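Peer 1: Mind having a look at this structure? Questions to follow.
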2 protein chains.
Amino acid sequence: MIAEKMKGMVANSSAIRAMFEEGNRLAEIYGAENVFDFSLGNPNVPAPEAVKKAIIELVSESDPIVLHGYTNSNSGYADVRETIANSLNERFGTSFEGKNIIMTVGAAGGLNVILKTLLNPRDEVIAFAPYFGEYRSYTNNFDGVLVEISPDKETFQPKLDEFEQKITAKTKAVIVNTPNNPTGVVYSEDTIKKMAAIMEAKQKEFGTEIYLISDEPYRELAYDGVEVPYLTKYYDNTIVGYSYSKSLSLPGERIGYLVIPDEVTDSETVLSAANVANRILGFVNAPTLQQKVVAKCINEKTDLSFYDRNRETLYNGLLECGFECIKPQGAFYLFVKSPIADEKEFCSIAKKYNLLLVPGSSFACSGYVRLAYCVSYETIVNSLPKFKELAKEMKCI
Amino acid sequence: MIAEKMKGMVANSSAIRAMFEEGNRLAEIYGAENVFDFSLGNPNVPAPEAVKKAIIELVSESDPIVLHGYTNSNSGYADVRETIANSLNERFGTSFEGKNIIMTVGAAGGLNVILKTLLNPRDEVIAFAPYFGEYRSYTNNFDGVLVEISPDKETFQPKLDEFEQKITAKTKAVIVNTPNNPTGVVYSEDTIKKMAAIMEAKQKEFGTEIYLISDEPYRELAYDGVEVPYLTKYYDNTIVGYSYSKSLSLPGERIGYLVIPDEVTDSETVLSAANVANRILGFVNAPTLQQKVVAKCINEKTDLSFYDRNRETLYNGLLECGFECIKPQGAFYLFVKSPIADEKEFCSIAKKYNLLLVPGSSFACSGYVRLAYCVSYETIVNSLPKFKELAKEMKCI
C-alpha cells in the first residue's frame with residue numbers, strides 16, 4: 001500500500017537507527033552500564049548551561065506571541081540571521097548579511113531544502129565514499145542520482161582524479177562533509193583548492209553551475225589545532241549547511257542553517273527558492289524558541305576536551321588491541337578496519353560483547369566499521385576490556 | 001539555475017506570505033496599530049501560562065542529554081506518544097496506543113510525511129475547494145496530482161456527487177480539513193458518513209486503498225457547541241494530522257502528530273514507512289523539548305472565548321457594511337464574498353485602507369477573500385470603520 005520508493009527504504013531502514021534501537025533493547029536486559037553503544041551520533045556532552053539560561057530568560061522575558069509565533073519570513077527571525085552572519089564574518093573573514101542565512105530544521109532539513117531548490121530529476125549529486133548514507137535518501141527525495149567517488153582507504157581523503165572523471169554535464173551538486181562522518185578526516189586547504197579548480201574548469205567546460213554543498217555539523221570538532229577551511233572562500237558556488245546538534249548538543253531540537261552567499265550564481269533566486277522550499281517541504285520555519293536560543297549562545301564553545309579525551313583513549317585502546325584505524329582529526333567517529341572482510345559479520349560478533357558498531361556499508365565503504373565516541377568517558381574505559389576479548393576472538397592479538 | 005519545479009513556485013510564492021510581509025512593511029510606515037492585517041493564521045492569543053511553566057520545569061529538572069537529544073525512535077518519545085494516545089482515547093472513545101502516534105514537525109510536516117509514505121508519481125489526491133493552497137505543493141512534492149472538487153458556494157460543504165464522480169483507480173488519498181480553512185465550515189457527521197460510504201464503495205469497485213487524510217489544526221476551535229466528528233471512527237483508512245499551532249498558540253515551534261490507527265490497511269507497514277519518511281525528509285524527529293511540553297500541557301484548553309468574540313464582532317460588523325459571508329462554525333477565518341468578480345482587485349483596493357486580505361484564488365475559489373480573525377480584539381474593532389469606508393467605495397452600502 002505504501003509508495004514504491006518507500007518499500008526499499010523500509011526494508012533497508014537505517015542500520016544506524018536499527019543498531020541504536022538494539023542498544024536500547026540490550027540496555028534493558030543487561031543494564032545500560034554493560035552495553036557499549038557506539039552506534040549513534042547523539043552527544044553525551046550536555047548542552048551548555050548557557051542554553052538552559054537562555055531558554056529560561058526567553059520564556060520569562062519575551063512576548064510568547066512573538067517567541068512561539070510564525071517568523072515573518074520562512075527563513076527565520078531577521079535578528080537571529082544577522083547575529084549568525086556577523087559571527088561567521090568575525091570568525092572566517094566572510095561578508096555575509098542576514099539575508100544570506102536561512103534557518104533550518106537541523107542540517108538534515110537544510111540539505112533537503114537546498115536539494116529541493118536545485119535538483120531536476122536525474123541530476124547528479126557527487127559524494128565521496130565513505131559518506132553519511134542519508135545523502136542517498138535526500139538525493140532520492142528529489143529524483144536525483146547519487147554518484148559515488150570510491151574511497152581512498154589509505155588516507156580517506158577525496159580521490160580527486162576519479163572526481164574529475166565523474167563530473168558530467170548532469171552534475172548539479174557535490175556534497176562534502178569535513179570534518180567527516182564516518183572517518184573523522186579533515187580536508188586540507190590544499191585539497192579544497194584542488195577541488196575548487198576542478199569544479200571551476202568543469203563549469204566552464206559544460207557551461208553549467210555545479211554547487212558545492214558543505215555539510216558542516218562537525219565544524220567545531222577539530223583536534224590538535226587543525227584548521228577546517230571555510231569553503232565559501234575557495235569556490236563561489238558554495239552553499240553551507242550547519243547544525244547546532246553537535247556544537248550545542250541539541251540534536252533533538254532540530255536547529256541549523258544554510259548559508260547561500262551573494263557569490264552563488266543568481267543568489268537572489270536561489271535564496272527565494274530555498275525560502276519557498278523550506279515552507280513547502282513542511283518545515284515552514286526552524287523552531288522559533290531554538291532560533292533565539294542559538295543566537296543567545298552564539299559565542300558558546302563546544303567542550304572539545306571531552307571528545308578529545310575520548311578520542312585519544314579509544315584510539316589508543318583499539319590500537320593496543322591490534323585493530324587498525326587512521327587517527328581522526330575531527331568529528332567524533334573512528335572508522336576501524338574490520339579484521340574480516342565481511343564487516344557486518346564483525347558487527348554481529350561484536351554484539352556478543354555488547355559492543356554496538358555500525359557497518360561501513362552504511363557509508364558505502366564495506367570492510368570497515370564506525371564507532372561514535374560521543375559517549376561517556378566511562379563507556380569508553382569500560383568498553384576496552386570487551387574490545388580486548390573481541391580482538392582475541394578475531395585473532396588480532 | 002534552480003529546479004524547474006521550483007520556478008513556478010517562486011513566481012507564485014504564497015500570496016498569504018506575501019500579504020503578511022506586506023503587512024510588516026505597512027506597519028513600519030503607518031504604525032502597527034493602523035494596519036489591519038488579516039492575512040496569516042498566526043494566533044494573537046498567547047500560549048497558555050502552562051506552556052511557560054512546562055518549559056521552565058523541563059529545562060530545570062530534566063537531563064539535557066535526554067531533553068535535547070535524538071529520540072530513540074524517529075517517531076518521538078514513547079511516553080509523549082502514549083500520553084497523546086490516551087488523551088485521544090478519553091476524548092473520542094478511540095483505542096489508540098503510543099505506536100499509532102508519530103510526532104511531527106507541525107501538521108505541515110505530518111502531511112508531507114504521510115504523502116511521501118503513500119504517493120507514487122501520478123497518484124491522485126482529492127481536495128475540496130476552497131482548500132489550503134499548500135495541499136497542492138505538498139502533493140506536487142511527491143509528483144502526485146491534486147484533483148479539485150469545485151466549491152459549493154451556498155454552503156461550502158463538500159460536493160459529494162462531484163466527489164463520487166472524480167474518484168478513480170488512481171485516487172490514493174482524500175484530504176479533508178474540518179473545521180475548514182478558509183471557510184470555517186465544520187463537516188457534519190452525516191456528511192462524513194456519506195463520504196465514508198462513497199469511499200468504501202470506490203475501494204471495492206477499484207480494488208484499491210483510498211486514504212482519508214484529516215488535516216486538523218483547527219479541531220479545538222469550534223463554536224456554538226458544534227461537534228467535530230473524529231474521522232477514524234467512520235472510515236478505517238483514516239489518517240489524522242494534528243498541530244498544536246493553534247490549540248496551544250505554538251505555530252513557530254513546529255509541533256504536531258500523525259495518527260495511523262491499527263484499522264488502516266497494513267498499518268504496521270504504513271507506520272514503519274512514515275517513521276522512515278520522517279527521517280529522510282530531514283525532519284529526523286519533532287523538536288524534543290516541544291514534544292515534552294505538549295505532553296505536559298495535554299489538558300490545556302484553547303481560549304475559545306477570545307476567538308468567538310472576534311468572530312461575532314467581525315462577522316456582524318461586515319454584515320452591517322453590506323458584505324456577504326456565511327457564519328463560520330469553527331477555525332478563525334471568515335470567507336467573504338468579493339463585491340467585484342476580481343477579488344484580487346478587491347484586495348488591492350482594501351489595501352488602500354490598510355486592510356490586508358487574502359484572495360480566494362489562493363484557496364482555489366476566486367470571487368472570495370479570506371480574513372484571519374486570530375488578531376487582537378482591538379484590531380477587529382478598529383478595522384470596522386475602515387471596512388465601512390471600503391464598503392462605501394465598493395458601493396455595498
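The values are calculated or read from the model by the stated rules, or taken from the named source; none is laboratory data. Here the structure is a predicted model, which is why all the values come from computation and not from measurement. Every residue, glycine as well, gets a Cβ built from its backbone with ideal geometry; the counts of neighbours run over all protein chains shown.
Peer 1: Which residue out of B:I239, B:I198 is crowded, with 22+ Cβ neighbours inside 10 Å and on the phi < 0 side of the Ramachandran plot? Please lay out each step first, then the result.
Peer 2: Details: B:I198 fails: crowded, with 22+ Cβ neighbours inside 10 Å.
B:I239 is the lone residue from the list that is crowded, with 22+ Cβ neighbours inside 10 Å and on the phi < 0 side of the Ramachandran plot.
Peer 1: Check A:N285 against each of (1) at the interface with chain B (Cβ under 8 Å from one of its Cβ atoms); (2) not in a loop (DSSP other than H, G, I, E, B) and name the one condition it does not meet.
Peer 2: (2)
Peer 1: Additional query: Of the residues in the range B:267-286, how many are buried (at least 24 other Cβ atoms within 10 Å of the Cβ) and either of a type in the set (D, E, K, R) or farther than 23 Å from A:S245 by Cβ (or both)?
Peer 2: Total meeting the criteria: 2.
Peer 1: Further question on the same structure: Inside the range B:93-143, can you point out the residues that are polar (S, T, N, Q) and more than 20 Å from the chain's Cα centre (by Cα)?
Peer 2: Residues of the range B:93-143 polar (S, T, N, Q): B:94-95, B:100, B:104, B:112, B:117, B:120, B:137, B:139-141.
Within the range B:93-143, B:T94, B:S95, B:N100, B:N120 meet the criteria.
Peer 1: Quick one: would you say B:V264 is touching a Pro at 6+ places or on another chain (Cβ under 9 Å), surrounded by fewer than 24 Cβ atoms within 10 Å (Cβ to Cβ) and assigned by TED's automatic domain parsing to the domain that holds B:A196?
Peer 2: Values: touching a Pro at 6+ places or on another chain (Cβ under 9 Å): no; surrounded by fewer than 24 Cβ atoms within 10 Å (Cβ to Cβ): yes; assigned by TED's automatic domain parsing to the domain that holds B:A196: yes.
Against the criterion (touching a Pro at 6+ places or on another chain (Cβ under 9 Å), surrounded by fewer than 24 Cβ atoms within 10 Å (Cβ to Cβ) and assigned by TED's automatic domain parsing to the domain that holds B:A196), B:V264 does not qualify.
Peer 1: Could you list all residues from the range A:84-100 that are within 14 Å of another protein chain (Cβ to nearest Cβ) and either at pLDDT below 95 or out of contact with any Leu (no Cβ under 8 Å at 6 or more places or on another chain) (or both)?
Peer 2: The first filter runs over the range A:84-100 and keeps only residues within 14 Å of another protein chain (Cβ to nearest Cβ), leaving A:99.
Correct list: empty.
Peer 1: Sticking with this structure for a sec: Need the failing condition index for A:R279 against (1) touching a residue at least 24 places away in the same chain (Cβ under 8 Å); (2) under 22 Å from the mean Cα position of the chain (by Cα), just the number.
Peer 2: (2)
Peer 1: Out of all the residues in the range A:154-174, which are free of Cβ contacts under 8 Å to residues at least 60 places away in the same chain, closer than 30 Å to A:Y307 by Cα and touching a Phe, Trp or Tyr at 6+ places or on another chain (Cβ under 9 Å)?
Peer 2: A:Q157, A:P158, A:K159, A:V174
Peer 1: Continuing with the same structure: Within the bounds of the range B:149-163, is there any residue that is under 23 Å from B:F38 (Cα atoms) and crowded, with 19+ Cβ neighbours inside 10 Å?
Peer 2: Filtering the range B:149-163 for residues under 23 Å from B:F38 (Cα atoms) gives B:151, B:153, B:155-156.
After this cut, where a residue has to be crowded, with 19+ Cβ neighbours inside 10 Å as well, the list is B:151, B:156.
There is at least one residue in the range B:149-163 that is under 23 Å from B:F38 (Cα atoms) and crowded, with 19+ Cβ neighbours inside 10 Å.
Peer 1: Within the range A:254-275, restricting attention to residues that are among the small types (G, A, S) and more than 22 Å from the chain's Cα centre (by Cα), which residue is nearest to A:T232 (Cα to Cα)? Talk me through it step by step, then tell me what you get.
Peer 2: Looking only at the range A:254-275, we keep the residues that are among the small types (G, A, S), and these are A:256, A:267, A:272-274.
If we keep only those that are more than 22 Å from the chain's Cα centre (by Cα) too, we end up with A:267, A:272-273.
On the way: A:S267: 13, A:S272: 19, A:A273: 20 Å.
Across the range A:254-275, the extreme among qualifying residues is A:S267.
Peer 1: Among the residues of the range B:26-48 satisfying the criterion of being modelled with pLDDT under 90 and at the interface with another protein chain (Cβ under 7 Å from one of its Cβ atoms), which is surrounded by the fewest Cβ atoms within 10 Å (Cβ to Cβ)?
Peer 2: Only one residue tops the list, namely B:N44.
Peer 1: Is it the case, given these coordinates, that A:A196 is over 12 Å from A:A127 (Cα atoms), among the small types (G, A, S) and assigned to a loop (DSSP other than H, G, I, E, B)? Steps first, answer last, please.
Peer 2: On the way: over 12 Å from A:A127 (Cα atoms): yes; among the small types (G, A, S): yes; assigned to a loop (DSSP other than H, G, I, E, B): no.
Judged against the criteria, A:A196 is not a match.
Peer 1: Only residues that are out of contact with any Phe, Trp or Tyr (no Cβ under 6 Å at 6 or more places or on another chain) and either within 17 Å of A:G76 (Cβ to Cβ) or at pLDDT 95 or above (or both): list them for the range A:250-267, please.
Peer 2: The answer is A:E253, A:R254, A:L258, A:V259, A:I260, A:P261, A:D262, A:E263, A:V264, A:T265, A:S267.
Peer 1: Between B:V336, B:V369, B:V375, which is under 25 Å from the mean Cα position of the chain (by Cα), assigned to a loop (DSSP other than H, G, I, E, B), within 26 Å of B:D215 (Cα to Cα) and β-branched (V, I, T)?
Peer 2: Values: B:V336 fails: assigned to a loop (DSSP other than H, G, I, E, B); B:V369 fails: assigned to a loop (DSSP other than H, G, I, E, B).
The conditions single out B:V375.
Peer 1: For the range B:54-83, which positions are among the aliphatic types (A, V, I, L, M) and more than 7 Å from chain A (Cβ to nearest Cβ)?
Peer 2: Within the range B:54-83, the first condition is being among the aliphatic types (A, V, I, L, M), and the residues that meet it are B:54-56, B:58-59, B:65-67, B:78, B:80.
B:A54, B:L58, B:V66, B:L67, B:A78, B:V80, listed by residue number.
Peer 1: Under 26 Å from A:T238 (Cα atoms) and either touching a strand residue (DSSP E or B) at 6+ places or on another chain (Cβ under 6 Å) or crowded, with 20+ Cβ neighbours inside 10 Å (or both) - does that describe any residue in the range A:3-25? Explain how you work it out, then say what you get.
Peer 2: The initial filter retains those residues of the range A:3-25 that are under 26 Å from A:T238 (Cα atoms), namely none.
No, because not a single residue in the range A:3-25 is under 26 Å from A:T238 (Cα atoms) and either touching a strand residue (DSSP E or B) at 6+ places or on another chain (Cβ under 6 Å) or crowded, with 20+ Cβ neighbours inside 10 Å (or both).
Peer 1: Tally the residues that are more than 14 Å from the chain's Cα centre (by Cα) and within 21 Å of B:N112 (Cβ to Cβ), restricting the search to the range B:157-196.
Peer 2: Here the count works out to 5.
Peer 1: Identify the single condition in (1) of a type outside the set (S, T, Y); (2) surrounded by fewer than 14 Cβ atoms within 10 Å (Cβ to Cβ); (3) within 9 Å of chain B (Cβ to nearest Cβ) that A:V51 does not satisfy, given that it satisfies every other one.
Peer 2: Going through (1) of a type outside the set (S, T, Y); (2) surrounded by fewer than 14 Cβ atoms within 10 Å (Cβ to Cβ); (3) within 9 Å of chain B (Cβ to nearest Cβ) one by one, A:V51 breaks only (2).
Peer 1: Of these, A:V375, A:V381, A:V358, which one is touching an Asp or Glu at 6+ places or on another chain (Cβ under 9 Å) and not assigned by TED's automatic domain parsing to the domain that holds A:F128?
Peer 2: Working: A:V381 fails: touching an Asp or Glu at 6+ places or on another chain (Cβ under 9 Å); A:V358 fails: touching an Asp or Glu at 6+ places or on another chain (Cβ under 9 Å).
Criteria check complete, one pass: A:V375.
So that you can scan it fast, the table gives a plain yes or no per residue for (1) surrounded by fewer than 18 Cβ atoms within 10 Å (Cβ to Cβ); (2) not assigned by TED's automatic domain parsing to the domain that holds A:V186; (3) not polar (S, T, N, Q):
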position: A:K292; (1), (2), (3): no, no, yes
position: A:D308; (1), (2), (3): yes, yes, yes
position: A:R311; (1), (2), (3): no, yes, yes
position: A:Y315; (1), (2), (3): no, yes, yes
position: A:G322; (1), (2), (3): yes, yes, yes
position: A:K327; (1), (2), (3): yes, yes, yes
position: A:A331; (1), (2), (3): no, yes, yes
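Peer 1: Could you list, in sequence order, all residues of the range B:1-25 that are closer than 14 Å to B:L355 by Cα and modelled with pLDDT of 85 or more?
Peer 2: Once the filter is applied, which keeps residues that are closer than 14 Å to B:L355 by Cα and modelled with pLDDT of 85 or more, the range B:1-25 yields only B:R25.
Peer 1: While we're looking at this one, here's another question. Applying the selection to the range B:101-134, what residues are of a type outside the set (A, V, I, L, M, F, W, C) and either surrounded by fewer than 24 Cβ atoms within 10 Å (Cβ to Cβ) or at pLDDT below 95 (or both)?
Peer 2: Step one: list which residues in the range B:101-134 are of a type outside the set (A, V, I, L, M, F, W, C), which gives B:104, B:106, B:109-110, B:112, B:116-117, B:120-124, B:130-131, B:133-134.
If the condition is that a residue be of a type outside the set (A, V, I, L, M, F, W, C) and either surrounded by fewer than 24 Cβ atoms within 10 Å (Cβ to Cβ) or at pLDDT below 95 (or both), then B:N120, B:P121, B:R122, B:D123, B:E124, B:G133, B:E134 are the ones that fit.
Peer 1: With the structure loaded, tell me whether B:A341 is small (G, A, S), in the same structural domain as B:Y30 (by TED's automatic domain parsing) and not in a loop (DSSP other than H, G, I, E, B) or whether it fails that test. Spell out the reasoning first.
Peer 2: Values: small (G, A, S): yes; in the same structural domain as B:Y30 (by TED's automatic domain parsing): yes; not in a loop (DSSP other than H, G, I, E, B): no.
Taking the combined requirement at face value, the residue does not satisfy it.
Peer 1: Contact list please: Cβ distance under 7 Å, first residue in the range B:247-263 and within 8 Å of another protein chain (Cβ to nearest Cβ) and outside any loop (DSSP other than H, G, I, E, B), second residue small (G, A, S) and buried (at least 24 other Cβ atoms within 10 Å of the Cβ), pairs at least six apart or on different chains.
Peer 2: B:P251/B:S245
Peer 1: In the range A:201-231, how many are surrounded by fewer than 24 Cβ atoms within 10 Å (Cβ to Cβ), β-branched (V, I, T) and either out of contact with any helix residue (DSSP H, G or I) (no Cβ under 6 Å at 6 or more places or on another chain) or not in a loop (DSSP other than H, G, I, E, B) (or both)?
Peer 2: Counting residues in the range A:201-231 that are surrounded by fewer than 24 Cβ atoms within 10 Å (Cβ to Cβ), β-branched (V, I, T) and either out of contact with any helix residue (DSSP H, G or I) (no Cβ under 6 Å at 6 or more places or on another chain) or not in a loop (DSSP other than H, G, I, E, B) (or both) gives 3.
Peer 1: Could you say whether any residue in the range A:101-120 is farther than 27 Å from B:T104 by Cα and more than 14 Å from chain B (Cβ to nearest Cβ)?
Peer 2: Within the range A:101-120 (the criterion being farther than 27 Å from B:T104 by Cα and more than 14 Å from chain B (Cβ to nearest Cβ)), the answer is no, since none of the residues qualifies.
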